[in-house]
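The structure under discussion appears below in the form of structure tokens.
Please treat every number below as a calculation from the coordinates, not as lab data. Keep in mind that this is a model prediction, so the values were computed, not measured. Backbone-built Cβ (ideal geometry, glycine too); neighbour counts: all protein chains shown.
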């Protein structure tokens, strides 16, 4: 789906607040409410908008500890990577997983209650996988920036 200026404006506004009433959204982007509603539906149906979620403040939840875990696999094989990815998808502690280039194959963002919960995660998910050569953990001491919004560049017309 090719995004025009209005689609990009809609996406930018919805990333800030996806509960904005359609009438307000339509006014902001310069459309009638029915036309705006149709655009948003098209963006959802085409997969440009992949999810509508509520973001939970980690400081108010039980999972106050964020770990960054770099994982190096034993061998560079597709089947091993797929097996690891399936295990990570099933690990509720992992909030993000990126396959990377460089010294490590994967970077995980792991959110847990405390160091004991992290140790349990390590034993259950990482140490139990014989295809992992090594992993390195770093504790986040402070979150400086966090955003789920992606930069929507304006159209060049």
With each pseudo-label sitting 7 Å past Cα toward Cβ, what's the residue 46-residue 64 distance in nm, one decimal?
4.5 nm
Segment 58-139, relative contact order in percent, only Cα pairs under 8 angstrom and at least six apart counted:
48 percent
Evaluate the relative contact order of segment 5-45 (contact order divided by residue number), counting alpha-carbon pairs under 8 angstrom at least 6 apart; express in whole percent.
35 percent
Radius ratio Rg over Rh of segment 58-139, counting only Cα atoms, Kirkwood formula for Rh:
0.96
Using alpha carbon centers only, segment 1-26 is separated from segment 41-107 by a whole-angstrom value of 26 Å
By how many degrees, between 0 and 90 and to the nearest 10, does the Cα long axis of helix 78-89 differ from the longest principal axis of the chain?
70 degrees
Please determine, in degrees from 0 to 90 and to the nearest 10, the orientation of helix 5-16 with respect to the longest principal axis defined by the Cα atoms of the chain, where the helix direction is its Cα long axis.
50 degrees
Interatomic Cα distance distribution for segment 5-45, bins of 5 angstrom, percent:
5, 28, 43, 22, 2
Using helices alone, I'd like the mean residue ellipticity at 222 nm for the chain: each DSSP H run of four-plus residues gives -39500 (n - 2.57), total over residue count, nearest 500.
-10000 deg cm²/dmol
If you project the alpha carbons of segment 1-72 onto the principal axes, what extent comes out on each, in Å, largest first?
47, 31, 18
If you build the Cα gyration tensor of the chain and take the root of 5 times each eigenvalue, what three semi-axes come out, in whole angstrom, biggest first?
38, 19, 13
Using only the alpha carbons of segment 97-157, what is the convex hull's orientation-averaged projected area in square nanometres?
6.8 nm²
Rounded tilt (10° steps) of 33-45 against the dominant C-alpha axis of the chain:
30 degrees
